[in-house]
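Scroll down for the structure; my scribbles are underneath it.
The values are calculated or read from the model by the stated rules, or taken from the named source; none is laboratory data. Bear in mind the structure is a predicted one, so any value in this text is a computation, not a measurement. Positions of Cβ are generated from backbone atoms using ideal geometry, with glycine treated the same way; all protein chains shown enter the neighbour counts.
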Amino acid sequence: MKEDDAILAVLARHGNDGSRLMQILRETQEALGWLAPETITAIARGVNWPRAKVEGTAAFYSFFHTRPRGKYCVLWSDNITDRMLGNRDLMQAMCAKLWLEPGRLSEDGLVSVNTTSCTGMCDQGPALLVNYRAVTRMDMARVEQMAELIRNQVPVEQWPAEWFRVEDNIRRKDALLDHGLVPGEALAAAMERGPAGLIDEIKASGLRGRGGAGFSTGMKWEFCRNAPGNGDQPAHYVVCNADEGEPGTFKDRVLLTSHADLVFEGMTLAGYAIGAQKGLMYLRGEYRYMKDALEAVLARRRDDRLLGKRILDKDFDFDIEIHFGAGAYVCGEESALIESLEGKPGRPRIRPPFPVTHGYLNQPTTVNNVETLAAACLVARHGGAWYARLGTAKSAGTKLLSVSGDVERPGIYEYPFGVTVRQVLDDAGATGCVQGVQVSGPSGVTLSADELDRRICFEDIPTAGAFMVFDCTRDMFEVARNFAHFFAHESCGFCTPCRVGTQVVARLMDKLATGHGSQYDIDEMFKMHRLMQGASHCGLGNSACNPLFDTLNKFRPAYERRLKSLEYEPAFDLDAALSQARQMTGRDDAGAHLENAE
Amino acid sequence: MSEKTKLRVATTSLAGCFGCHMSFLDIDERLLDLLELVEFDRSPITDIKHCGPCDLGIIEGGVCNAENVHVLREFRKNCKILVAMGACAVNGGLPAQRNHLDLRDILEAVYETEGGLARGVHIPNDPELPLPLNKVHPIHEVVKVDYFLPGCPPPADAIWKFLTDLLAGRTPHLGHGLLHYD
């Protein structure tokens, strides 16, 4: 009955509150290894939810296991940058050493090896997660040693600490990374001005959301502050979106590693501005390893009267709690993130109403990106006019770029908005000739070598921060194919255009990859792009074909050289498809064969 | 004024259940209107065995064996417009449920090891019989398809709307109410 006690302890820690289901499931899984049917039943009873609803959440997230998981669960990050660093060969070697097939639990239930979406270590890959702890810089020697440790059942806690070292790799600092603020400084300055004064400064600064969409932060806070709240217990909430899931993006990891105070202070500022008492940080499950360090920062801030009751002796109570995601990219979309915070599958809501009026627990909620909140501290301290002078006319301030791929110095580069792509490439030491740059991740834009004078700013190329570089030796078709499979895996399945469309696109790309492609398939891909962009429920489906569309337009030969015909080709080898029937019947007559082409 | 030429239409069922054809017949008395506008070539309705040049070919069912491939290619060669009618033609449908099993295991189970078989039964190897493909495929994986008409089966009204659009020279558009499938 040890299991039951463990479940009850987790439930008690969360007050049997179903809206905390994500945390309940994660902590239960950490205690018991996986979420067995009887575990789900016990949790459902505990939170007084229908069992199907609990199971629905457990089944939605790829980091929750509703089947036995094995003592060691190795997940290789499978972003294109990991692939360029040779993750596929390393994974194959690991599987061979462990006598495993990828995705299958070993016969003895000891270990499984599989892939996962980008883990945010693109500047120090190939990366993986072992039992959800991040490992960087994999190589053949580490693969061999790791397989040995797994076979000998050495606990992960005793593995070489060096493997778990995550570097910041900050290469260029500007106003934000060189902020020089001490904890509480921005908050004290804001409290001088009062909530309305703070919002005025934020508006005057021109600060826009750093998650990519670029909505005015001041307006968002003002809308939220003015929303009355709903029901018997009206409240306001601050949510920090730290679900940095866009492949190629890792700036939030660095901010939270080295400037956590600034981010938490930004959340506190937002809480002060909108009249909230509670802030929630939604941190992606891949960054679980940061938990203790972040909790320590929160504890210190409570000790310093920067969180908790009567902050800085003013009439303002505010505290922050960290929630973890569980491996679902779509939760980066703010309304899906809120659903997840409430213990539900991360499916984007229908909007309006927007979170600023009906967000977390149906209350007014401001959801801001990590970097936005950090930047808000600069505005609070130095004023809106000071901040507005940085950057360009419509893109005030600076932007952190996560640079990876074919450059000598991958890492974090901070620039005032308006920097050219060429400048970034020069600073990062783009090796050899540059063929393409993927800005803002798979859902962003693919640039060709003709476009290097374009600028990073809302006027030209808006970005959440990813900046992946591909030199002339890379195959841009394979880049797009990697992204197509990423979206097919990450579609939440709610709407048909995206659920089916992402799969259709992935299969068309595979058809081309296996040499069965034709002009017909390319036409089909353009059709899918138009259909999904117009008919999908949220941004994931809308943007899922962006890399396809861009590479088809800018790198057409990468596709054309794979085409078998300019008209139509079957998707598979027709004659080979009769092989098993021939084998079983012993036939080899003319009727037992098919011409592959007519 | 010369008589307006009728559209020539062929239909067939591959790995399907003829349910789509039954739904087609469900357009009921509108069949008479249709016959004013079209004439049938190869089709279960006419029992013509091979397809000649046609304006429109309608395919029910997916591709599960070598004969399906031949018939489908005959249609594609002869029809200016080829339509996948119903879930099996569009996606593989029910017959594709066998795709997660190995064909060799299926043949062995059905003809060799299952109970209730007559003595001496073996997997048939008569050249008259078409060989099954390793997997069942939607028809667009074997030939180019121009239009897809989803549903299991597509309702008669959807088939009617589709045909009348096509006959009137409009791009077929099912729209709300008639198109409610994945």
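What to note about this one:
Conditions (1) more than 29 Å from A:TYR61 (Cα to Cα); (2) at pLDDT 95 or above; (3) more than 22 Å from the chain's Cα centre (by Cα), marked per residue:
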position	(1), (2), (3)
A:ASP521	yes, no, yes
A:GLY539	no, no, no
A:CYS545	no, yes, no
A:LYS564	yes, no, yes
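- Scanning the range A:299-313 finds no residues that are at pLDDT 95 or above, out of contact with any Leu (no Cβ under 9 Å at 6 or more places or on another chain) and within 22 Å of A:ALA134 (Cα to Cα).
- Positions within the range A:149-164 being within 12 Å of A:TYR72 (Cβ to Cβ) and either loosely packed, with under 14 Cβ neighbours inside 10 Å or basic (Lys, Arg) (or both), in sequence order: A:ARG151, A:ASN152, A:GLN153, A:VAL154, A:PRO155
- Extreme residue, farthest from the other protein chains (Cβ to nearest Cβ), among residues of the range B:108-145 that are among the charged types (D, E, K, R) and either farther than 23 Å from A:ASP589 by Cβ or in a loop (DSSP other than H, G, I, E, B) (or both): B:ARG119
- When A:LEU401, A:LEU373 are screened for being in a helix (DSSP H, G or I) and in contact with a strand residue (DSSP E or B) (Cβ under 7 Å, 6 or more places away or on another chain), only A:LEU373 passes.
- Which numbered condition B:LEU179 fails, given (1) more than 13 Å from chain A (Cβ to nearest Cβ); (2) closer than 28 Å to B:ILE58 by Cα: (1)
- Scan of the range A:421-438 for residues that are without any contact (Cβ under 8 Å) to a residue 40 or more places away in the chain, crowded, with 18+ Cβ neighbours inside 10 Å and closer than 24 Å to A:SER395 by Cα, ordered by number: A:VAL437
- The number of residues in the range B:100-144 that are farther than 26 Å from B:VAL83 by Cβ and in contact (Cβ under 8 Å) with a residue 60 or more places away in the chain comes to 1.
- Filter result for A:ARG499 (basic (Lys, Arg) and free of Cβ contacts under 8 Å to residues at least 60 places away in the same chain): yes
- Among the candidates A:VAL505, A:VAL437, A:VAL445, A:VAL479, residue that is over 26 Å from A:GLY534 (Cβ atoms) and touching a helix residue (DSSP H, G or I) at 6+ places or on another chain (Cβ under 8 Å): A:VAL437
- Hits in the range B:1-24 - residues which are closer than 20 Å to B:ALA84 by Cβ and assigned to a loop (DSSP other than H, G, I, E, B): B:LEU14, B:GLY16, B:CYS17, B:PHE18
- Qualifying residue in the range A:521-538 (condition: among the aromatic types (Phe, Trp, Tyr) and either crowded, with 20+ Cβ neighbours inside 10 Å or over 26 Å from A:ARG351 (Cα atoms) (or both)): yes
- Where A:PHE549 falls short, out of the listed (1) more than 30 Å from A:PRO352 (Cβ to Cβ); (2) out of contact with any Lys or Arg (no Cβ under 7 Å at 6 or more places or on another chain); (3) aromatic (Phe, Trp, Tyr): (1)
- Flag for B:PRO172 being part of a loop (DSSP other than H, G, I, E, B), touching a Leu at 6+ places or on another chain (Cβ under 9 Å), farther than 29 Å from B:HIS100 by Cα and touching a residue at least 12 places away in the same chain (Cβ under 8 Å): yes
To keep it simple, each residue is scored yes or no on (1) among the small types (Gly, Ala, Ser); (2) within 16 Å of the chain's Cα centre (by Cα); (3) exposed (fewer than 15 other Cβ atoms within 10 Å of the Cβ).
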position	(1), (2), (3)
B:ILE139	no, yes, no
B:VAL143	no, yes, no
B:ALA156	yes, yes, no
B:LEU163	no, yes, no
B:GLY175	yes, no, yes
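- Odd one out for B:ILE27, checked against (1) part of a loop (DSSP other than H, G, I, E, B); (2) within 18 Å of B:CYS152 (Cβ to Cβ); (3) within 15 Å of the chain's Cα centre (by Cα): (3)
- Residue in the range A:529-536 that is out of contact with any Cys (no Cβ under 6 Å at 6 or more places or on another chain) and within 14 Å of chain B (Cβ to nearest Cβ) present: yes
- Qualifying residue in the range A:499-514 (condition: within 11 Å of chain B (Cβ to nearest Cβ), crowded, with 21+ Cβ neighbours inside 10 Å, small (Gly, Ala, Ser) and within 16 Å of A:ARG481 (Cα to Cα)): yes
- Identity of the residue in the range B:98-107, of a type outside the set (D, E, K, R) and at the interface with chain A (Cβ under 8 Å from one of its Cβ atoms), that ends up nearest to A:ALA571 (Cα to Cα): B:LEU103
- With respect to being part of a helix (DSSP H, G or I), closer than 30 Å to A:HIS489 by Cβ and not assigned by TED's automatic domain parsing to the domain that holds A:GLU414, A:LEU256 fits the description.
- Within the range A:19-35, considering residues that are farther than 14 Å from A:HIS323 by Cα and touching a helix residue (DSSP H, G or I) at 6+ places or on another chain (Cβ under 8 Å), the one surrounded by the fewest Cβ atoms within 10 Å (Cβ to Cβ): A:ALA31
- Scope the range A:334-358; condition closer than 25 Å to A:LEU294 by Cα and surrounded by 24 or more Cβ atoms within 10 Å (Cβ to Cβ); matching residues: A:GLU334, A:ALA336, A:LEU337, A:ILE338, A:SER340, A:LEU341, A:GLY346
- Which listed residue, of A:MET84, A:MET91, is surrounded by 13 or more Cβ atoms within 10 Å (Cβ to Cβ), at pLDDT 95 or above, out of contact with any Cys (no Cβ under 6 Å at 6 or more places or on another chain) and within 27 Å of A:ALA428 (Cα to Cα): A:MET84
- Odd one out for A:THR585, checked against (1) farther than 29 Å from B:ASP102 by Cα; (2) free of Cβ contacts under 8 Å to residues at least 12 places away in the same chain; (3) crowded, with 21+ Cβ neighbours inside 10 Å; (4) of a type outside the set (Phe, Trp, Tyr): (1)
- Residue, surrounded by the fewest Cβ atoms within 10 Å (Cβ to Cβ), within the range A:572-582, restricted to residues that are within 7 Å of chain B (Cβ to nearest Cβ) and in a loop (DSSP other than H, G, I, E, B): A:PHE572
- Yes/no for B:ALA118 being hydrophobic (A, V, I, L, M, F, W, C), over 30 Å from B:SER23 (Cα atoms) and surrounded by fewer than 12 Cβ atoms within 10 Å (Cβ to Cβ): yes
- Residues in the range A:549-571 that are among the acidic types (Asp, Glu) and within 14 Å of chain B (Cβ to nearest Cβ) were compared, and the one that is surrounded by the most Cβ atoms within 10 Å (Cβ to Cβ) is A:GLU569.
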